[in-house]
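Report on the structure given below.
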Amino acid sequence: MVWRATDPMGNEAFKIRWELPKWTRGRGLDLGSGVAKTYQHWISVDNCADEALFGAHITPDVKIKTCEKLDVFASQSMDFVFSSHLLEHIPYENVKDTLKEWMRVIKPKGYLVLYLPDEDAYPKVGEPGANPDHKWNVNRAKVLDAMPDGFDLVDYQVRHEDREYSLFFVFQKTGSGRHLSYQKPKPEKTCGVVRYGAFGDLLQASSVFAALKHEGYHVTLYTSPPGDDIVRLDPNIDAFYIQDKDQVPNASLGEFWAYHKAKYDKWVNLSESVEGSLLALPGRTIHFWPPALRHGFLDRNYLEVQHKIAGVPHVPRVKFFPSADELQKIRKERAKMGSFVIAYALAGSSVHKTWGGLDSVIASLMLDFPDVHVVLMGNEAGKLLEQGWEKEPRVHRRSGAWSIRESLTFMQLADMAIGPETGLMNAAAQLSYPKVVFLSHSSANNLTRDWVNTYPLASKETTCPGRGNNEAPACHQLHYSWEHCKRTDNGVAQCQEDMRPDEVYRVIWHACKTALEHRKTA
């Protein structure tokens with residue numbers, strides 16, 4: 001669609017707002033921002049000239065005389081620079097130096113995002129209807145000629161639909177050369193998948209990625225940190241659309257998703273497929289239902305539901321994919337340990353995801369199985385749980401020492417795993433060795449029903465806000481604090497306290513003994 005004089009004027013960036021999150025993460029500039037920010041985390045920069053020209057009220061974060069010079073900003077200090085309908089107001093003989101200046105403030109691998117009126121769809125300089133302040137007519141060739149070396153044009157769009165008359169450019173700062181990677185051919189069969197969340201959420205979704213890839217789809221994953229780090233090497237994901245937390249406001253996500261859905265042959269939205277749907281969010285009505293009623297509605301298998309949402313067969317394929325370097329490093333560490341090693345995940349991301357009988361279990365394992373080693377894994381906070389085992393050579397303390405990816409890599413090299421319902425245990429779901437899982441807010445049907453060689457443990461009788469007077473086997477509630485979860489004097493959730501160490505160890509002993517005996521006969 002070409003420009004029409006009767007079309008609404010101003011706020012051009014709003015027309016492409018849903019294209020921008022992928023390229024404008026972190027800290028960056030909105031040059032010539034005008035009256036309003038498109039995203040609140042942007043640093044708006046303007047000379048406020050439109051106040052005199054059009055009477056607009058402009059209050060930028062940074063006011064400068066001209067965007068041709070950004071002396072106020074240090075070199076390589078920004079993750080991105082965005083500019084909408086500004087560059088054409090700068091004389092073309094100055095554009096090359098201007099773009100060089102804009103690239104100067106961008107960090108290596110950061111992005112320069114330009115949205116400019118297309119001369120093929122907008123009146124040219126001097127023609128009726130043209131903006132009298134435009135200094136040159138914009139086309140792709142002129143923009144590329146003015147760009148300094150050291151870029152990759154990763155996205156380029158001619159935008160002539162829905163009252164647009166512009167060109168959209170995304171340049172990544174590479175440091176050398178002039179590359180045009182946006183020209184890659186479009187895959188024949190495409191699928192966009194939305195899955196935000198924590199480590200376990202993304203690992204569960206890996207089964208859906210594998211199923212879609214099996215059906216021949218080119219898979220693009222819409223996700224956010226820190227979960228994106230877990231699946232970044234998954235061969236079943238062809239492309240990533242990374243968003244920071246709340247980069248797109250929650251109230252706008254529906255519109256954002258609808259915009260991107262139109263780009264794909266198939267769209268799978270796994271957002272709240274577990275949290276909010278099968279685990280009640282605090283404040284939602286179902287969070288306060290009677291425990292038995294809530295259990296009746298929410299006792300569904302997490303993975304099966306996600307496969308159904310995606311419209312693919314429920315064939316569990318949960319898997320973590322380490323790099324060659326990660327495997328090499330962890331194999332070296334594994335070689336220093338005993339022949340039979342138990343991976344022990346200490347805690348999950350929620351307050352209720354830890355069991356308090358760690359020390360008694362380790363002590364019993366050390367006495368009953370002289371050849372068994374135990375590797376304790378967790379984040380920095382896990383170091384507190386490791387205290388007291390500094391002098392035991394068969395207990396290897398790795399909390400805070402290994403990254404989450406290194407810990408997940410070790411799960412593939414262990415001989416057995418113990419832990420709460422968390423990402424590390426999800427990574428072992430389809431591995432053949434025995435697993436002992438401490439269930440808390442989930443039931444066995446929710447989480448471990450289709451896991452291989454797994455012993456799910458849950459308290460047989462618990463009285464707490466989520467389960468009432470032992471009215472349900474799980475609360476099916478998300479807990480971000482202790483507000484709706486009963487904390488005992490030992491600092492763990494009541495449902496975890498009610499799993500007695502002797503009963504737990506009986507299961508662990510059996511799993512370990514069986515695995516050792518199987519090894520002898522194999």
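The values are calculated or read from the model by the stated rules, or taken from the named source; none is laboratory data. Predicted model, so just to flag it, every value in this text is computed and none were measured. Quick reminder, even Gly has a Cβ in these numbers, built from the backbone with ideal geometry, and neighbours come from all protein chains shown.
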Item to complete: Could you give me the residue pairs with C-beta distances under 6 Å whose first residue belongs to segment 235-246 and is under 16 Å from GLY28 (Cα atoms), whose second residue is surrounded by 15 or more Cβ atoms within 10 Å (Cβ to Cβ) and of a type in the set (Lys, Arg) wherever it lies, and which are 6+ apart or on separate chains?
Response: ASP244/ARG25
Practice prompt. Return the total of residues in segment 93-102 being under 12 Å from MET147 (Cα atoms), surrounded by fewer than 21 Cβ atoms within 10 Å (Cβ to Cβ) and out of contact with any Leu (no Cβ under 6 Å at 6 or more places or on another chain).
Written response: 4
Fill in: Members of segment 183-194 found to be at pLDDT 95 or above and not aliphatic (A, V, I, L, M), listed by number
LYS189, THR190, CYS191, GLY192
Practice prompt. Confirm whether VAL125 is free of Cβ contacts under 8 Å to residues at least 24 places away in the same chain, at negative phi and outside the structural domain of ILE242 (by TED's automatic domain parsing).
Written response: yes
Response to the item:
Every listed condition ((1) surrounded by fewer than 24 Cβ atoms within 10 Å (Cβ to Cβ); (2) within 19 Å of LEU303 (Cβ to Cβ); (3) touching a residue at least 60 places away in the same chain (Cβ under 8 Å); (4) not aliphatic (A, V, I, L, M)) holds for ARG405 save (2)
Item to complete: Could you grab me the full set of residues in segment 190-223 that are outside any helix (DSSP H, G or I), more than 20 Å from VAL248 (Cα to Cα) and not hydroxyl-bearing (Ser, Thr, Tyr)?
Response: CYS191, GLU215, GLY216, HIS218, VAL219
Worksheet item: Of the residues that make up segment 161-168, is at least one in contact with a Lys or Arg (Cβ under 6 Å, 6 or more places away or on another chain), of a type outside the set (S, T, N, Q) and modelled with pLDDT of 95 or more?
Response: yes
Worksheet, complete the sentence: Note on PRO187: of the conditions (1) buried (at least 20 other Cβ atoms within 10 Å of the Cβ); (2) of a type outside the set (Ser, Thr, Tyr); (3) within 25 Å of the chain's Cα centre (by Cα); (4) not in a strand (DSSP E or B), unmet is (1)
Item to complete: Looking only at segment 241-264, decide whether some residue is touching a Leu at 6+ places or on another chain (Cβ under 7 Å) and part of a loop (DSSP other than H, G, I, E, B).
Response: no
Worksheet item: So which residues in segment 499-518 are crowded, with 19+ Cβ neighbours inside 10 Å and not small (Gly, Ala, Ser)?
Response: MET499, VAL504, TYR505, ILE508, CYS512
Item to complete: For GLU255, state whether it is loosely packed, with under 15 Cβ neighbours inside 10 Å and in contact with a helix residue (DSSP H, G or I) (Cβ under 8 Å, 6 or more places away or on another chain).
Response: yes
Practice prompt. Specify which of the listed residues (ASP229, ASP234) is assigned to a helix (DSSP H, G or I), within 16 Å of the chain's Cα centre (by Cα) and surrounded by 14 or more Cβ atoms within 10 Å (Cβ to Cβ).
Written response: ASP229
Worksheet item: In segment 271-325, what residues are assigned to a loop (DSSP other than H, G, I, E, B), among the acidic types (Asp, Glu) and surrounded by fewer than 17 Cβ atoms within 10 Å (Cβ to Cβ)?
Response: GLU272
Item to complete: Could you please find all residues in segment 441-469 being in a loop (DSSP other than H, G, I, E, B) and either of a type in the set (Val, Ile, Thr) or in contact with a strand residue (DSSP E or B) (Cβ under 6 Å, 6 or more places away or on another chain) (or both)?
Response: HIS441, THR448, VAL452, THR462, GLY466
